[in-house]
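Enquirer: Before anything else, here's the structure in question.
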Amino acid sequence: MARRFRPHDFRRVQLLDSVWDFAFLGDVDADHVDIRRISFNDRMAVPGCFDATPAYAGRRGLAAYRTRILLPDRTPHELVLDGVHHWGRIFVEGKMVGEHVGGFTRFGVDIAGFEPGQKDLVVLVDNRMNYERCPLHLDYFDWYHFGGISRPAELHRLGYVWIDAVRVVTEDYSARRLAIEIDWASAAPSPDKIQVAVTCAGKTVRQTVEPDEENAGQIELKMELPGAALWSPEEPNLHELYVTLGEDDYRQRIGIRQVQCQGRQILINGKPVRLLGFNRHEAHPQFGHAVPEQIMLADLQQLRDMGCNFVRGSHYPQDARFLDLCDEMGMCVWNESIGWNQKVEHMTDERFLRAQEVNIDEMIAASCNHASVIMWGLLNESPSNKPEARAGYERLIGRIRQLDPSRPVTYASSHPIDDICFDLVDIVSINQYPGWYHNTIADIPAHIDKCLARVDGIGQGDKPFIMSEIGAAAIYGCRDMNEDRWTEQYQAKLLEATIRYLFFDNDRAIGLAIWQYCDGRSMPTLPSPIMTRARGFNNKGVVDEYRRPKLAYEVVKRLFGELNAENG
Ligand code: ADA
């Protein structure tokens, strides 16, 4: 993957991004496909979404991708896929080697036991909605679920002893103390002691690992880096942390920073932060979810131009390349596992909860070292007001805290008036649309006050509060003297009233994620899309799907600019 730093100097990694052979198999069952008999009669870019291309626009079904990989020897290899949407099954030389449920997350497939040489790699990809097989992507969600190998693909030669993962947490920002965990594995009991070295900010710490019959283990060590520059939104200093273990190596890029909640504030390195920004879908009309780095960077340039320091990655785990740019640009990120208005019955369904746990595990594994990720989210607008759903919230939030106790946790609630799970999270986040779906623009302050009064009434008012969604739709270019809903003027007026109420007239909110940064295609299977999704799109962006600014863009830029000027 094209990262902003080089993860490996010695480990041999084959980048598989290119145009692969392709065949759209359509409405067939993957279990009944003979891999050897597929006629690859087309070609498709990887990364890419086949249903974002003209030839397959809107198509749903089973697709097959093929490329050639080289296995230079018999050492263990791993195929690393950063996102397959939204169900995939992987074959090498016709032998099934792996399967994965859910898009937007990195996963690895062991490639072992093959003779050296060139091999056919085939990936079956299914973008159909099938709750039993893939309960994470459902056809009533309000974004178009593009299908394909949507993020980069690599083949890693692991060798006989390798690094599985490196996790770095800032234990104490003032002392510049890092806690580092290294997961390692080997293909066979290692005959010799394994030498480990960790270098960061000019300092190296070494350890020797005793071989063991488990062929796997975890190394924990601390590093203090006096004088090393800290990461903050204003000064996003980063450091490369380089691990060698035996003959393997792994480089990460980290920021020395701590995120804490204190009363109604979120602190970064002990300093309160105000989060001003947007919800952003990872989508583009011509690329689907396979948004190229050029677009990622252009999006961030516009967000910075508007004075933003915050992006909520709605509603799924973010791409490592986007997070690399956020790390460098001081853009704070709310990274959340996939979810959208889940039903009560999902919250007690073991298949759904298990799939959620895998998505959470993979999200945290892939993005835990990004300084820009300052909080974890989950279960957008799900039944946090239903007693029968609470155990599911406890289970999934507990999983996040177990994997990463260093970051605050939140979920975006659309039930502020009767939510019963706010006690489980560190930050109270509320999605509401006064002035769009109900009430008028003039009612926005009273409506939000009512929500917060209830939050205070149940004893959750001493936590930070983020307005995690609020906004209005505007059709790009639609302006008229009535200035009513769907016009750019109405959207601009609503966002002006919202920002003024939240940050000029009050100081309760410490964050705002406007819904939304850019327009995005929605699902045609949404309930009553004709009435609510003009053009088949969610039109609440302050830029359209091609990132062309609407009137509201300048309003947000002016107001966020005034707020940032206050901060000095
Ligand atoms: C919800 C949801 C968003 C979007 C929004 C809207 O808040 O979380 O994904 O669907 O509503 O535009 O109505």
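FYI, it's all coordinate maths here, none of it is from the lab. Since this is a predicted model, take the numbers as computed values, not measurements. FYI the Cβ positions are ideal-geometry reconstructions off the backbone, even for glycines, and counts take in every protein chain you see.
Enquirer: If you go through segment 373-414 one residue at a time, how many are within 14 Å of the ligand (Cβ to nearest atom), out of contact with any strand residue (DSSP E or B) (no Cβ under 7 Å at 6 or more places or on another chain) and closer than 30 Å to Thr170 by Cβ?
Expert: Qualifying residue count for the region: 1.
Enquirer: Another question, then. Which residue is nearest to the ligand (Cβ to nearest atom), if the candidates are limited to segment 504-536 and must be aromatic (Phe, Trp, Tyr) and buried (at least 22 other Cβ atoms within 10 Å of the Cβ)?
Expert: So, considering only residues that are aromatic (Phe, Trp, Tyr) and buried (at least 22 other Cβ atoms within 10 Å of the Cβ), the one nearest to the ligand (Cβ to nearest atom) is Trp515.
Enquirer: Any residue at all in segment 467-484 that's of a type in the set (Phe, Trp, Tyr), within 23 Å of Ala391 (Cα to Cα) and in contact with a helix residue (DSSP H, G or I) (Cβ under 8 Å, 6 or more places away or on another chain)?
Expert: no
Enquirer: Can you name every residue in segment 198-210 that is farther than 20 Å from Glu171 by Cβ and either buried (at least 16 other Cβ atoms within 10 Å of the Cβ) or under 32 Å from the mean Cα position of the chain (by Cα) (or both)?
Expert: Val209
Enquirer: Now, a different point. Could you tell me which of the residues Trp334, Trp340 is farther than 29 Å from Pro7 by Cα, in contact with a Ser or Thr (Cβ under 9 Å, 6 or more places away or on another chain) and within 16 Å of the ligand (Cβ to nearest atom)?
Expert: Testing whether each residue is farther than 29 Å from Pro7 by Cα, in contact with a Ser or Thr (Cβ under 9 Å, 6 or more places away or on another chain) and within 16 Å of the ligand (Cβ to nearest atom) leaves just Trp340.
Enquirer: Can you tell me which of (1) surrounded by 21 or more Cβ atoms within 10 Å (Cβ to Cβ); (2) closer than 27 Å to Glu381 by Cα; (3) charged (D, E, K, R) is the one Asp327 doesn't meet?
Expert: Of the numbered conditions (1) surrounded by 21 or more Cβ atoms within 10 Å (Cβ to Cβ); (2) closer than 27 Å to Glu381 by Cα; (3) charged (D, E, K, R), the odd one out for Asp327 is (2).
Enquirer: Quick test of your reading of the structure: Ile499 fulfils all but one of (1) surrounded by fewer than 22 Cβ atoms within 10 Å (Cβ to Cβ); (2) β-branched (Val, Ile, Thr); (3) in contact (Cβ under 8 Å) with a residue 40 or more places away in the chain. Name the failing condition by number.
Expert: Failing condition for Ile499: (1).
Enquirer: Restricting to segment 477-490, give me the number of residues that are within 16 Å of the ligand (Cβ to nearest atom) and closer than 21 Å to Gly277 by Cα.
Expert: Adding up the residues that qualify gives 1.
Enquirer: Let me ask something else. Out of (1) over 16 Å from Arg128 (Cβ atoms); (2) in contact with a Lys or Arg (Cβ under 8 Å, 6 or more places away or on another chain), the odd one out for Arg60 is which?
Expert: Result: Arg60 passes all but (1).
Enquirer: If a residue has to be within 16 Å of the ligand (Cβ to nearest atom) and either acidic (Asp, Glu) or over 28 Å from Lys493 (Cβ atoms) (or both) to count, how many in segment 442-470 make the cut?
Expert: Summing the residues that are within 16 Å of the ligand (Cβ to nearest atom) and either acidic (Asp, Glu) or over 28 Å from Lys493 (Cβ atoms) (or both) in segment 442-470 gives 1.
Enquirer: Another one. Could you check segment 204-310 for strands (runs of 3 or more DSSP E) lying wholly inside it with 1 or more residues that are over 19 Å from Leu178 (Cα atoms)?
Expert: 216-224, 248-254, 259-262, 265-268, 275-279
Enquirer: So which residues in segment 298-331 are within 16 Å of the ligand (Cβ to nearest atom) and over 16 Å from Thr105 (Cβ atoms)?
Expert: Val311, Arg312
Enquirer: While we're on this one: Go through (1) charged (D, E, K, R); (2) part of a helix (DSSP H, G or I); (3) over 30 Å from Gly313 (Cα atoms) one by one and return the number of the condition Asp51 breaks.
Expert: (3)
Enquirer: Within segment 452-463, is there a residue that is touching a helix residue (DSSP H, G or I) at 6+ places or on another chain (Cβ under 6 Å) and either surrounded by fewer than 23 Cβ atoms within 10 Å (Cβ to Cβ) or not acidic (Asp, Glu) (or both)?
Expert: Within segment 452-463, one or more residues are touching a helix residue (DSSP H, G or I) at 6+ places or on another chain (Cβ under 6 Å) and either surrounded by fewer than 23 Cβ atoms within 10 Å (Cβ to Cβ) or not acidic (Asp, Glu) (or both).
Enquirer: While we're looking at this one, here's another question. Over 20 Å from Tyr433 (Cβ atoms), of a type in the set (A, V, I, L, M) and in contact with a helix residue (DSSP H, G or I) (Cβ under 8 Å, 6 or more places away or on another chain) - does that describe any residue in segment 530-546?
Expert: So far as segment 530-546 goes, no, none of its residues is over 20 Å from Tyr433 (Cβ atoms), of a type in the set (A, V, I, L, M) and in contact with a helix residue (DSSP H, G or I) (Cβ under 8 Å, 6 or more places away or on another chain).
Enquirer: Consider Ser367 carefully, then state whether it is within 27 Å of Gln258 (Cβ to Cβ), more than 14 Å from the chain's Cα centre (by Cα) and small (Gly, Ala, Ser).
Expert: In short, no.
Enquirer: Quick check on my filter: what residues within segment 412-435 are more than 27 Å from the chain's Cα centre (by Cα) and at negative phi?
Expert: Of everything in segment 412-435, those that are more than 27 Å from the chain's Cα centre (by Cα) and at negative phi turn out to be Ile417, Asp418, Pro434.
Enquirer: Oh, and also: For segment 491-503, which positions are away from the ligand (no atom under 15 Å from the Cβ) and of a type in the set (Ser, Thr, Tyr)?
Expert: Tyr501
Enquirer: Could you list all residues from segment 418-441 that are more than 14 Å from the ligand (Cβ to nearest atom), touching a residue at least 24 places away in the same chain (Cβ under 8 Å) and not β-branched (Val, Ile, Thr)?
Expert: Asp418, Asp419, Cys421, Phe422, Asp423, Leu424, Asp426
Enquirer: Within segment 62-112, track down each residue that is part of a strand (DSSP E or B), of a type in the set (Phe, Trp, Tyr) and within 24 Å of Tyr144 (Cβ to Cβ).
Expert: Answer for segment 62-112, where residues must be part of a strand (DSSP E or B), of a type in the set (Phe, Trp, Tyr) and within 24 Å of Tyr144 (Cβ to Cβ): Tyr65, Trp87, Phe107.
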